[in-house]
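Q: Sharing a structure below in C-alpha cells format, with a few things to ask.
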Amino acid sequence: MMWDWVPNQRLGPIEIGISVETYVGQLGAQLLAEIDDSTGWDSYYIPHHDVYINAEDGEVVSISAHKSFYYGIKNVLGMTIEQLEALLGCKADEIGNSVEYEDGDIQTPYDYSELGLVAWVSQDVIVNVVCTTYEGLD
C-alpha cells in the first residue's frame, strides 16, 4: 500500500475528517488501550503498516507514520530536515521543544502549519511524521 500524503487532506487511504470506523472495517485499525488523556482522543493502530490514527468524536483528526510517508515519489522518513524542507519548498513555521523518551531517544518536532505536518527528528533524521489539518483555525 502506498502511504502518499496530500497536505491537509490524507495519508494513503486515510482521510482527515472521515469516521474512524471506516478504517476499522477497511484496514483493520485497532483501538489502543492507552488513550491520550491530554487530548481526549482515541488512538488506533493499523497493523503491518506502523500507522496510527487519532480520532476525536469518532472522526480522524491526525495520522502518524513511522515507516512509510511519501510526498511525491520520496519517502520523508529517513530524510534530514534540510532534505524535507528542500522537497516542501519551505522552512518549518515552528521548532518545538525536544522530548526525551524512556529509551533515552530525544526527538524534536518541526511544525509546518499551513501544510498540516509535523516532522519528528532524532539524531538529524526524520523518524515520525504526523499529518493533520489546521485549515479554518484562526
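Q: Looking at the chain, what % of its DSSP beta bridges pair antiparallel, to the nearest 5?
A: Once the DSSP bridges in the chain are tallied, antiparallel ones form about 95 percent.
Q: At 1.4 Å probe size, what's the solvent-accessible area of Ser62? Round to the nearest 10 Å².
A: Approximately 10 Å² for this residue.
Q: Percent of accessible area on the chain owned by carbon and sulfur, 1.4 Å probe?
A: Reported share for carbon and sulfur atoms: 47 percent.
Q: Give me the dipole magnitude in Debye, nearest 20, for the chain about the Cα centre, with unit charges on the beta carbon: positive for Lys and Arg, negative for Asp and Glu.
A: Computed about the Cα centre, the dipole is about 660 debye.
Q: Sum -39500 (n - 2.57) across every DSSP H segment of at least 4 residues in the chain, then divide by the residue count to get the 222 nm mean residue ellipticity, nearest 500.
A: -3000 deg cm²/dmol
Q: I'd like to know which of Ala55, Gln123, Ser38 lies farthest towards the positive end of the charge dipole of region 20-138, counting +1 on Cβ of Lys and Arg and -1 on Cβ of Asp and Glu.
A: Value: Gln123.
The values are calculated or read from the model by the stated rules, or taken from the named source; none is laboratory data. Values in this document were obtained by computation on a predicted structure and should not be read as measured data. No Cβ is skipped: glycine too gets one built from the backbone with ideal geometry, and neighbour counts run over all protein chains shown. Calculation scope for accessible area: heavy atoms of the full protein, side chains included, ligands and nucleic acids excluded. Shrake-Rupley method; radii C 1.70, N 1.55, O 1.52, S 1.80 Å.
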